[in-house]
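Okay, so here's the structure we're looking at.
The values are calculated or read from the model by the stated rules, or taken from the named source; none is laboratory data. Keep in mind that this is a model prediction, so the values were computed, not measured. So basically every Cβ, Gly included, is an ideal-geometry build from the backbone, and we count neighbours across all protein chains shown. Side chains included, ligands, DNA and RNA excluded: accessible areas come from the protein's heavy atoms. Shrake-Rupley method; radii C 1.70, N 1.55, O 1.52, S 1.80 Å.
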Amino acid sequence: TQQPRYNQHKTNSNPTKPETIMENTIISRDMHAELDSTWNVTNSIKSLPRIPPLYVLERTRTVIDSNTSPAVIADRIAESLQELSFDAQYDGEHATALVFCPDRLLFYVRLFQSSNATEESSNSFIVEIQKKSGSAFRFHKYARLILRAAATGKKADAKALSKLRPVLLQNPEARRKEDDDASSVEKEVEHSLERVMTLLRKDRFDANLLGMESLVLLTDTQSTTFDKATCTARYIVADAKYGGLREKLKEFLWPQPAEEDFDDTFDLDQWDSMHEQVLVFLANALCLLAKENNNADHLSNWTVSDADFLQILIEETKKADMNPQNAYQALRSLNSIVESSGSMKEEVVNRGLPTSIAVAQTVGQSRHALLLQESGRMLAALGKANG
């Protein structure tokens, strides 16, 4: 049975050690761990793990007084992570959360008894957030929001969320900027795509990932103009000139190679990272193109092996419980296709998408607000079709 991408070595049975799901581990779906999708923490402070001797707490922490129970704080944190659309798995016994962000940032949230005399109170407890990997800059932005939610119960405001969440492009015209003439835009985009292709052709993973991230940025209107983003999307999704680049992207789209095809877990993680970026690019690109033409006209360009593009996206949606972030990106693409083509609505219904949407909604309600939003958007579109 395929395990979620964040599975790890079995947790340490000693609750006094903070490395219960941390020490010497590589996050991989093929390593079993007894983690849950809900955080069930005891109400008793005395039942929380103690801070081990010589263990240095991270600066990203806060002290909670005994007037608020650990269970309440855990619920606040879990709600905050859901609102931010950060997927998390929980170890209730050791009061630990393992959190994945869409930008490959990984961190831990832990609750400890406050046994240090320098802390505010012997009856208080500590919420600590520790980065495992990823961007330190993003980590500190996220940690501040989560710690504030834990201490005060206040959710992140709309302005803070808009800076953290990806652009949904519901109204791309509002973000249109003045650009040069069309030929100048095309030349600049072509030059950028040449650099992307050079990076993707290299045999180093860091170069491949940099190329893929550059391509995602070229379709993100927060990092470039609307005209350039649309031009990039049009070239890669539909233009025959960039068929070679499309074929390279399809290598990381479908099918996922068998685990025995990888030399080690690190190679598997590399493929997963590229796969995630390809899904983000396609979601951005199709959302841009939905405003000017029929996305269904280009689906044949993305047929891989024995699977057409719709099947690939629907299969990704079915795995929402294992990877909510990828399911969210797949639903963004499906929504753009369905909303731009009336004939596609009946097609996705015949392929069983509504059943997958029901699973995605359940996952979104508990773990991923953006997935819940896109699920509702799809159900609304299909409802109008049925009506």
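Couple of notes before you dig in:
- Any hit, the range 153-172, residues being over 19 Å from the mean Cα position of the chain (by Cα), modelled with pLDDT under 85, among the acidic types (Asp, Glu) and under 27 Å from Ile337 (Cβ atoms): no
- Apart from one condition, Met344 fits all of (1) under 24 Å from Gly244 (Cα atoms); (2) crowded, with 19+ Cβ neighbours inside 10 Å; (3) out of contact with any Asp or Glu (no Cβ under 8 Å at 6 or more places or on another chain); the exception is (1).
- Residue in the range 327-334 that is open to solvent by less than 10 Å² (accessible area, probe 1.4 Å), closer than 21 Å to Phe281 by Cβ, of a type outside the set (S, T, N, Q) and not in a helix (DSSP H, G or I) present: no
- Residues in the range 46-69 that are touching a helix residue (DSSP H, G or I) at 6+ places or on another chain (Cβ under 7 Å) and in a loop (DSSP other than H, G, I, E, B): Leu48, Pro52, Tyr55, Thr60, Ser66.
- Lone unmet requirement of (1) touching a Pro at 6+ places or on another chain (Cβ under 8 Å); (2) surrounded by fewer than 22 Cβ atoms within 10 Å (Cβ to Cβ) for Asp103: (1)
Residue-wise test of (1) free of Cβ contacts under 8 Å to residues at least 24 places away in the same chain; (2) more than 24 Å from Asp36 (Cα to Cα); (3) within 19 Å of the chain's Cα centre (by Cα).
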| site | (1), (2), (3) |
| --- | --- |
| Asn326 | no, no, yes |
| Val338 | no, yes, no |
| Met344 | no, yes, no |
| Glu347 | no, yes, no |
| Leu353 | no, yes, no |
| Ala360 | no, no, yes |
| Ala369 | no, no, yes |
| Leu372 | yes, no, yes |
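- The residue that is farthest from Thr198 (Cα to Cα), among those in the range 238-269 that are modelled with pLDDT of 80 or more and of a type in the set (Gly, Ala, Ser), is Ala238.
- Residue match in the range 210-223 (condition: closer than 20 Å to Thr303 by Cβ, of a type outside the set (Gly, Ala, Ser), at pLDDT 90 or above and open to solvent by 50 Å² or more (accessible area, probe 1.4 Å)): no
- Residue check, Glu188 open to solvent by 30 Å² or more (accessible area, probe 1.4 Å) and either in a loop (DSSP other than H, G, I, E, B) or modelled with pLDDT of 90 or more (or both): yes
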